[in-house]
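Taking it in order: structure first as structure tokens, then the write-up.
Read-outs: derived from the displayed coordinates by stated rules, not from any lab. Predicted model, so just to flag it, every value in this text is computed and none were measured. Glycine gets a Cβ as well: all are built from the backbone with ideal geometry, and neighbour counts include every protein chain shown.
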Amino acid sequence: MTAFVDVRNLSVDFKTRNGLVHAVRDVSFTLDKGRTLGIVGESGSGKSVTSYSLMRILDAAGVIAGGAITFEGMDIGSASERAMRDIRGREISMIFQNPRAALNPIRKVGHQIEDVLRQHVQADAHNAREKAIEVLKQVRINNPEERYHSYPFELSGGMCQRIVIALALACKPQLLIADEPTTGLDVTTQKAVMDLVAELTRARGMAMILITHDLGLAATYCDHLIVMKSGEVVESAPALELFRNPQHAYTKKLLRATPHGTDSVRDLLPEDMRPAEPAAAPEPAAAKDRTPLLEVRNLVKEYPLKSARGGVFRAVGGISFSVGRGESVGLVGESGCGKSTTSSMVMRLLDPTSGTIRFDGTDIGEIPAGAFARSPYRGRLQMVFQDATDSLNPRFSARRSIADPLLQLGLKGGERLSGAALNARVEELATLCGLPHHLLDRFPHQLSGGQKARVGIARAIAVSPDLLVLDEPTAALDVSVQAVVLNLLVDLKEKLGMSYLFVSHDLAVVKLLCERVIVMKGGEIVEQGNCAKILEAPEHDYTKALLAAIPHPPI
Amino acid sequence: MTSTAEPARAAPGLITHTLYVLRSNPITLLAFVLLALFVLAALIGPYVVPHDPYQSNAANALKPPSWQYWFGTDDLGRDVFSRVVVATRLDLLISLSAVVISFFAGSTLGSLAGFYGGWTDRIVSRLLDTLMAFPLFVLAMGIVAAMGNSVQNIVIATAIVNLPFYARVSRTEVNIRREAGFVQAARLSGNSNLRILATQIFPNALPPMMVQISLNLGWAILNAAGLSFIGLGVRPPTPEWGIMVAEGARFIVSGEWWLALFPGAALMLAVFTFNMLGDGLRDIVDPRQRS
């Protein structure tokens, strides 16, 4: 009796301009009905390619170079394309990473579900609508009759992912492959979505493969885990076992880099990468100067609504907070809570509707955003963006990107650099941010995610700002890269004495970096204060919900 | 993948990359070879042609293609081959200058509309719509007829009818990048709006514009030849493909097909070359293709 899914010595090659790339090498695993398998690894580890081979949806350049995949005793590798079409969706189905991209943007979600049902002869013209609404009900969509007529853009990210899950489960498949199903979703939505998937698969006795970079998430929802690195399986063990007693050095490194339950940002790094001496606790600059660097009072941002009745949408509803000199403050909340709007206003990229932003004693809120580029304060407020790829000009080399603020604003004090002095400063910044100098002449698409993040940080600190806003700087990075970047940020703060306003949805990360935390919801501050205290004993229900949603590995 | 694990591989230079694009795409290679031939004909054509393109010779009128006259001779006994080759310079010059003008004017208008939005966008877009509402060739005819029959006015007319295409492409390409992260980052670096538009956003809109340029070169040649064909613009006896086709057309019925066929074929080949060139050009100017 063979297993339900049996992958043996699978190898997948990709033909590229620079020759053959072995994306997956000699991967074997089995999966029984009703069980869940987690494939964990960082980007480029081959985890997605492995799952694509299972459904035979590799893109044209990829070929299964060796090994066998058996599904319910059927050899997937030699099955006809026609047979595969029947299997996809009905026997094996998949939840993709970006729910918005996986849905047809100009078709009602109800019709999209009907399409799948009718494709696999699960419904006919008479009962398709009824069945589609039933499927929507199963994924807990409120008012399924109304939502049936919605277009994807009218739904939130979490709702879209529920629709994608509904599509995947509509034909009652035997095996569900979830490829990073919750990346890009808020923690509370992530929990709701994963709980739903777990419950539905359990109730139907389905098997599931969960592909993720988040070890905590995998361990919470899977029975068995395999850890992949550079196309190879480095460790395979039951989830609990893997957490309690990791064998491979890479697994240990990944586990350590996951910030859940760690006390210090230094603990995220492998021992040989930690700084030689424990950094002496820096004298907080605040001790010398009591006035805060940034003081925000009653800040409001309203947008006019585009409805016939008029009215306004309040993105930020009169918030007040301060950031001291040399202090790190975390600004936490879910998407749509107004944290990014707040940081844009503080950065003077956006004009507030009302309220004051006092920076070093001056109300910089009075300088219009359009004119702020020429203000002497411009160089003192800088920002690291969420998406390092998007924040770098694709036509600028790393060197040119880092040099841009130096060219426009000059050094602190107004000194302009050019030629050799400019190059020297760029290289000094690269060294400071741990970016090897030979990478400086590369374009963004030739750099990895972590390298791009370093370029973004080097650019932001080029003109020695006093306040650095960090807008989820590690959200798009692998955990081990995140660990390195977080440590870099801590080092830079110690060396340069900047203040940080750290915008994030991840409380576990904020805890490691910040002294104080501000929790936002619906444009208002619900709780603020000492970071450790709030995480230990949250007072507001919302903070409690946020904390509870962080996946806790069963250690 | 960590930063140290990646092998240090320098970015291939423009020349290596161009060679790669040419090698991987035979159609692009063919287009570049043809383009080189046309450019060569335009540069040195008048000096190397076997006969004087203006020299009439009544004794040799309407001779079919032979070893002496490769493309035959016309009704005045002038060598058609020499005239086709010599015409290359004028035709390429008209289309190139028209495209350069409409590229700069069109992308400036379009970029401003895309970047500032609001009233700038509304005014520019409606103006372009008005322009697009006319049948383009008729519009060009009208402009030449109104402004006077000269090569300069043909260039201007061709530039005006092509302008909306550049304006629309650049408007869209600039608009989608207006709020991109790297634009915000440039604001933080102290760049003014115009500077951001010129140095950060516009260069990123270039790849699709390249396709437009190359397609338009083809249209512009057709447009100029078309105007000459109906008697506007270039005047005889200047060798120009459009006039030559127009003059030769009279003789097709009497069996002297070579008068219209060869200049027509040159015209077709030129348009064909520019149409094929587009994708290759785009791949060459896009640094993202370089890995």
Relative contact order of chain A (C-alpha contacts under 8 Å, at least 6 apart) in percent is 15
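I'd like the trypsin sites (Lys or Arg not before Pro) in the stretch A:382-426 restricted to DSSP loop residues with at most 11 other Cβ atoms within 10 Å, sorted by number. Write out the running numbers ahead of the final one.
Values: sites: A:Arg395, A:Arg399, A:Arg400, A:Lys412, A:Arg416, A:Arg425; in loops: A:Arg395, A:Lys412, A:Arg416.
Passing sites in the stretch A:382-426 do not exist.
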Along the stretch A:498-511, Karplus-curve 3J(HN,Hα) (6.51, -1.76, 1.60; θ = phi - 60°) to the nearest Hz, with x for Gly and Pro, reads 7, 9, 10, 10, 9, 8, 7, 9, 9, 4, 5, 6, 4, 4
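Just the number, please: percent antiparallel of the DSSP beta bridges in chain A, rounded to the nearest 5.
Numbers: 47 of 84 bridges.
Bridges in chain A that DSSP calls antiparallel: roughly 55 percent.
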Going from the fewest other Cβ atoms within 10 Å to the most, one would list A:Thr201, B:Thr199, A:Thr291 as A:Thr291, B:Thr199, A:Thr201
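Shape call for the stretch A:456-501 from the C-alpha gyration tensor, a ≥ b ≥ c root eigenvalues: rounded (a/c under 1.5), prolate (a/b greater than b/c) or oblate?
On the way: a/c = 2.09, a/b = 1.67, b/c = 1.25.
Because a/c hits 1.5 or more and a/b exceeds b/c, the stretch A:456-501 counts as prolate.
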For A:Lys412, counting only aspartates and glutamates whose alpha-carbon sits under 12 Å away and dropping same-chain residues fewer than eight positions off, the answer is A:Asp466
Any lysines whose Cα falls less than 21 Å from that of A:Lys33, other than same-chain ones fewer than 8 residues away, would be A:Lys47, A:Lys172
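Specify whether the C-alpha gyration tensor of the stretch A:309-368 places it in the rounded, prolate or oblate class, a ≥ b ≥ c being the square roots of the eigenvalues: rounded for a/c under 1.5, otherwise prolate if a/b is larger than b/c and oblate if not.
Details: a/c = 2.40, a/b = 1.31, b/c = 1.82.
Because a/c hits 1.5 or more and a/b fails to exceed b/c, the stretch A:309-368 counts as oblate.
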Under the 7 Å Cα-to-Cβ spin-label approximation, B:Ala265 and B:Thr108 lie apart by a distance in nanometres of 4.3
Most exposed to least, judged by fewest other Cβ atoms within 10 Å, A:Asp223, A:Asp466, A:Asp75, B:Asp91 sort to A:Asp75, A:Asp223, A:Asp466, B:Asp91
Percent relative contact order for the stretch A:475-555, counting Cα pairs under 8 Å at least six residues apart, stands at 17
Links exceeding 18 Å between C-alpha atoms in this model, out of A:Lys521/A:Lys544; A:Lys339/A:Lys452; A:Lys108/A:Lys137; A:Lys229/A:Lys252; A:Lys301/A:Lys521, come to A:Lys339/A:Lys452
Scoring the stretch B:137-258 by relative contact order with C-alpha pairs under 8 Å, at least six apart, yields a percentage of 27
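Using only atoms on other chains, find how many Cβ atoms lie within 10 Å of each Cβ of peptide B:115-123 and report the average. Intermediate values should be presented prior to the final figure.
Numbers: counts 0, 0, 0, 0, 0, 0, 0, 0, 0.
Partner Cβ neighbours, averaged per residue: 0.
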Per the rule of 0.36 nm per residue minus the C-alpha distance, extending A:Glu428 to A:Asp441 adds in nm 3.2 nm
Result row for chain B, helices from DSSP H with C-alpha axial extent 30 Å or more and mean Kyte hydropathy at least -0.5, is B:26-48, B:80-116, B:151-177, B:202-229, B:258-285
Here, B:Ala59 and A:Val63, labelled 7 Å along Cα→Cβ, have an inter-label distance in nm of 6.9
So the angle from the long Cα axis of helix A:157-169 to the longest Cα principal axis of chain A, reported in degrees to the nearest 10, equals 10
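So for A:Arg8, B:Arg282, fewest C-beta neighbours within 10 Å to most, what's the order?
On the way: A:Arg8 14, B:Arg282 20.
Fewest-to-most ranking of A:Arg8, B:Arg282: A:Arg8, B:Arg282.
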So B:Ala145 and B:Asn275, fully extended at 0.36 nm per residue minus their Cα-Cα distance, gain in nm 43.9 nm
So for chain B, using the alpha carbon gyration tensor with a ≥ b ≥ c as root eigenvalues (a/c under 1.5 gives rounded; past that, a/b versus b/c decides prolate or oblate), I'd call it oblate
Among A:Ser28, B:Phe103, A:Ile211, the residue whose Cα sits farthest towards the positive end of the charge dipole of the protein assembly as shown, when +1 is placed on the Cβ of each Lys and Arg and -1 on the Cβ of each Asp and Glu, is B:Phe103
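Round to the nearest 0.05 the FRET efficiency obtained for A:Lys33 and B:Ile176 when R0 = 51 Å and r is the Cβ-Cβ distance.
On the way: r = 47 Å, r/R0 = 0.92.
Working from the Cβ atoms, E equals 0.65.
Given a Förster radius of 51 Å and the C-beta distance between A:Glu146 and A:Asp26 as r, what FRET efficiency does 1/(1 + (r/R0)^6) yield to the nearest 0.05? Each step should come with its number before you reach the end.
On the way: r = 50 Å, r/R0 = 0.99.
Efficiency, rounded to the nearest 0.05: 0.50.
Taking loop as defined by DSSP and a crowding limit of 16 other beta carbons within 10 Å, which chymotrypsin sites (Phe, Trp or Tyr not before Pro) in the stretch B:135-178 fit? Don't skip to the end; give the middle numbers.
Details: sites: B:Phe137, B:Phe165, B:Tyr166; in loops: none.
Loop-located and lightly packed - none at all.
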Distance in nm between A:Ala421 and A:Asn245 label points, each 7 Å along Cα→Cβ, equals 6.3
Between B:Trp119 and A:Ala369, Cβ-based FRET efficiency (R0 30 Å, step 0.05) works out to 0.95
For the stretch A:370-376, in residue order, the Karplus 3J(HN,Hα) values (coefficients 6.51, -1.76, 1.60; θ = phi - 60°; whole Hz; Gly and Pro = x) are x, 9, 5, 4, 9, 6, x
